[in-house]
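J.: Quick one: the structure is below, questions incoming.
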Amino acid sequence: MISLSDVHVTFARGTPLETKAIRGIDLSIPAGEFVAVIGSNGAGKSTLLNVLTGDAPLERGRVVIDETDVSTWPAPRRAGMVARVFQDPMAGTCEGLSIEENMALAAARGSRRGLGAALTHVRRDSFRERLAELGLGLENRLGDRMGQLSGGQRQAVSLLMATLADMRILLLDEHTAALDPRIAAFVLELTRRFVESFKLTALMVTHSMRQALDYGDRTVMLHEGKIVFDVSGAERDALDVPHLVELFTKVRGEQLDDDALLLG
Amino acid sequence: MSTFAFLGAIEIGLVFSLVALGVFLSFRILNFPDLTVDGSFPLGAAVTATLIVSGVNPWLATAIAMVAGACAGLVTAFLNVRFNILHLLASILTMIALYSINLRIMGRPNVALLQQETVLTPFYNLGLAQAEVKPIFLAVLLVIVVLLLWRFLVSDFGLAMRATGANPRMARAQGIATSGQIYTGMALSNALVALAGAMFAQTNGFADVTSGVGTIVVGLAAVILGETLFRSRAMLIILTACVIGSILYRVALALALNTPALGLEASDLQLVTAVLVIVALILPGVRNPLKSLIRGGKS
């Protein structure tokens with residue numbers, strides 16, 4: 001169970017550049033739920049993720065993960081609870097390290113890193129097995145540099161890496177936005193598969209209304225740092241992209257700019 | 001070149017390969033261009049020489065010198081991590097401060113160690129010439145250091161340090177406290193450089209406050225040379241390359257100095273080193289830790 005209560009985040013407080021990124025968000029995510037978060041640029045989607053990871057300091061409010069108040073915990077301390085896949089395939093992996101080294105880094109997320117060998121036979125075998133699940137032939141390329149993989153391959157490996165250690169919530173930060181549509185679809189399917197088979201609690205930020213309705217159990221719309229729309233169950237199943245666009249337009253009180261959101 | 005000059009080149013190359021390993025840790029692993037080494041090398045020499053002269057066991061003196069070097073690295077890391085001072089500037093500040101500190105430690109610009117017992121003394125009585133004992137002793141030391149460093153860098157902890165240098169954002173997302181890694185890496189790097197200073201003092205029989213000038217450039221030259229000769233991703237080979245790079249660099253330098261036609265003198269050493277590093281910077285395709293720093297591109 002993840003719960004945010006009365007969360008406020010302001011950047012550059014007290015300066016002319018002051019930005020109120022989150023203006024009072026209350027959100028509870030029960031264990032096992034897959035939430036899709038949608039909103040235009042500047043709505044606070046990424047900040048919401050950063051609030052959960054501990055990268056954005058709270059001005060006010062509380063973040064509680066499984067009854068532990070983690071509001072003041074810095075990011076590395078929360079890493080055992082929170083796994084993250086970045087939008088930029090370069091950001092979530094070390095391109096200079098090999099695939100197996102990247103996986104070893106991820107497998108130790110949240111646990112103490114000692115002086116034992118990072119790559120043992122046991123670990124290598126399990127990495128090989130897990131990579132085979134992707135069906136990309138990467139199981140034979142354990143020693144290859146991460147930088148040699150394509151963006152889509154790296155993103156698929158990033159997703160896999162996130163599942164190598166325990167977590168309370170998986171955060172997906174527009175993790176398919178930088179990929180071409182075919183690869184994006186593959187990574188999204190993979191996401192669905194992992195969330196289902198590992199019974200993960202997940203929060204996926206997306207720009208695409210289609211994705212926000214097609215993936216997950218619940219759709220949350222952010223606008224100007226607030227939740228303006230939160231739907232799940234049968235009500236959500238009845239929704240289609242045009243409804244969402246209509247809702248969004250109403251919320252904004254203005255005509256929707258074609259470029260603001262990808263409708264597809 | 002005489003055998004004596006050749007052995008001398010190997011010896012000094014081995015001493016500076018410790019510097020190369022330290023520079024590799026800061027520049028390559030942590031992506032932290034650290035000039036502290038120009039201060040921590042003479043610091044290691046100063047601490048060792050002063051302690052040995054005042055009757056301390058040479059092994060203990062060497063260990064204390066390494067701790068002193070580690071502290072110097074911690075100061076630089078602290079200035080950078082805690083106060084956000086640019087790494088290069090933070091390290092220059094520590095380096096400058098160390099000049100005064102080294103003078104304070106020794107009480108004078110240099111300390112002679114000629115008749116004193118050093119870590120090498122017990123080995124001088126085994127029937128070999130001193131000029132042979134020194135490189136053999138250093139070679140054994142380097143084998144141990146390289147193996148330990150290798151084990152460290154392929155451990156979970158060492159891998160976390162490599163991630164810290166390569167992609168700090170990803171490292172933090174994986175639960176790695178990056179500042180802790182920078183402190184550890186910088187302490188380790190400068191402890192190695194101080195060990196080099198300690199060995200320099202004991203093999204050459206003196207410590208001098210000016211002996212640190214250009215240490216960083218010599219270390220970099222060795223790292224670059226090693227990386228150019230051995231293009232490998234295996235950590236043990238990369239570390240060995242630093243050592244071999246350092247030795248080859250010194251042997252090449254000794255050859256040049258012993259070739260009368262070139263007209264070079266020992267005092268031209270720093271100029272030659274600088275020119276070599278500049279050439280390495282300009283040459284296309286050479287992986288170079290300074291390139292990203294100076295040219296703004298990715299190395």
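J.: How many residues, within the range A:41-82, are of a type in the set (Ser, Thr, Tyr) and part of a loop (DSSP other than H, G, I, E, B)?
T.: So the answer is 2.
Conditions tested, residue by residue: (1) on the phi < 0 side of the Ramachandran plot; (2) crowded, with 22+ Cβ neighbours inside 10 Å; (3) more than 16 Å from the chain's Cα centre (by Cα).
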residue: A:ASP6; (1), (2), (3): no, no, yes
residue: A:VAL9; (1), (2), (3): yes, yes, yes
residue: A:GLY14; (1), (2), (3): no, no, yes
residue: A:GLY24; (1), (2), (3): no, no, yes
residue: A:ALA31; (1), (2), (3): yes, no, no
residue: A:ILE38; (1), (2), (3): yes, yes, no
residue: A:GLY42; (1), (2), (3): no, no, yes
residue: A:LYS45; (1), (2), (3): yes, yes, no
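J.: While we're on this one: Would the range B:202-218 turn up any residue that is crowded, with 24+ Cβ neighbours inside 10 Å, farther than 30 Å from A:THR120 by Cα, small (Gly, Ala, Ser) and away from chain A (no Cβ under 14 Å)?
T.: Among the residues of the range B:202-218, at least one is crowded, with 24+ Cβ neighbours inside 10 Å, farther than 30 Å from A:THR120 by Cα, small (Gly, Ala, Ser) and away from chain A (no Cβ under 14 Å), which makes the answer yes.
J.: Moving on. Looking at the range B:192-216, which of the residues that are in contact with a strand residue (DSSP E or B) (Cβ under 8 Å, 6 or more places away or on another chain) and in a loop (DSSP other than H, G, I, E, B) is farthest from B:LEU7 (Cα to Cα)?
T.: By that ranking, first place goes to B:VAL209.
J.: Which one is nearest to the other protein chains (Cβ to nearest Cβ) among residues in the range B:150-178 that are of a type in the set (Ser, Thr, Tyr) and within 29 Å of B:THR62 (Cβ to Cβ)? Lay out the reasoning, then the answer.
T.: At the first step, the residues of the range B:150-178 found to be of a type in the set (Ser, Thr, Tyr) are B:155, B:164, B:178.
Checking the rest, the ones that are also within 29 Å of B:THR62 (Cβ to Cβ) come to B:155, B:164.
Working: B:SER155: 4, B:THR164: 10 Å.
Ranking the candidates gives B:SER155 first.
J.: Moving on. Out of the residues in the range A:53-82 meeting the condition of being farther than 15 Å from A:HIS8 by Cβ, buried (at least 17 other Cβ atoms within 10 Å of the Cβ) and touching a residue at least 24 places away in the same chain (Cβ under 8 Å), tell me which one is farthest from the other protein chains (Cβ to nearest Cβ).
T.: A:ILE65
J.: Let me ask something else about it. Which residue out of A:ILE227, A:ILE183 is modelled with pLDDT of 90 or more, among the aliphatic types (A, V, I, L, M) and more than 18 Å from A:GLY44 (Cα to Cα)?
T.: Details: A:ILE227 fails: more than 18 Å from A:GLY44 (Cα to Cα).
Just a single option satisfies the conditions, and that option is A:ILE183.
J.: Then there's this: From the residues in the range A:99-149 that are among the polar types (S, T, N, Q), surrounded by fewer than 14 Cβ atoms within 10 Å (Cβ to Cβ) and in a helix (DSSP H, G or I), which one is nearest to the other protein chains (Cβ to nearest Cβ)?
T.: Once the filter is applied, the top-ranked residue is A:GLN148.
J.: Ok, one more. Suppose the filter is β-branched (Val, Ile, Thr), closer than 19 Å to A:VAL35 by Cα and crowded, with 22+ Cβ neighbours inside 10 Å; does A:VAL157 pass it? Walk me through it before giving the result.
T.: On the way: β-branched (Val, Ile, Thr): yes; closer than 19 Å to A:VAL35 by Cα: no; crowded, with 22+ Cβ neighbours inside 10 Å: yes.
No.
J.: Still on this model: Among (1) part of a helix (DSSP H, G or I); (2) free of Cβ contacts under 8 Å to residues at least 40 places away in the same chain, there is one condition B:ILE224 misses while meeting the rest; what is its number?
T.: (2) is the only condition that B:ILE224 fails.
J.: Kindly indicate the residue of the range A:83-98 that is in a loop (DSSP other than H, G, I, E, B) and among the hydrophobic types (A, V, I, L, M, F, W, C) and also nearest to the other protein chains (Cβ to nearest Cβ) among those meeting that condition.
T.: The initial filter retains those residues of the range A:83-98 that are in a loop (DSSP other than H, G, I, E, B), namely A:86-97.
Add one more test, that the residue is among the hydrophobic types (A, V, I, L, M, F, W, C), and what stays is A:86, A:90-91, A:94, A:97.
Values: A:PHE86: 8, A:MET90: 8, A:ALA91: 6, A:CYS94: 4, A:LEU97: 6 Å.
Per the criteria, the residue is A:CYS94.
J.: B:LEU239 - would you say it is modelled with pLDDT of 95 or more and more than 14 Å from every other protein chain (Cβ to nearest Cβ)?
T.: yes
The values are calculated or read from the model by the stated rules, or taken from the named source; none is laboratory data. Remember, it's a predicted structure, so these values are computed and weren't measured experimentally. Backbone-built Cβ (ideal geometry, glycine too); neighbour counts: all protein chains shown.
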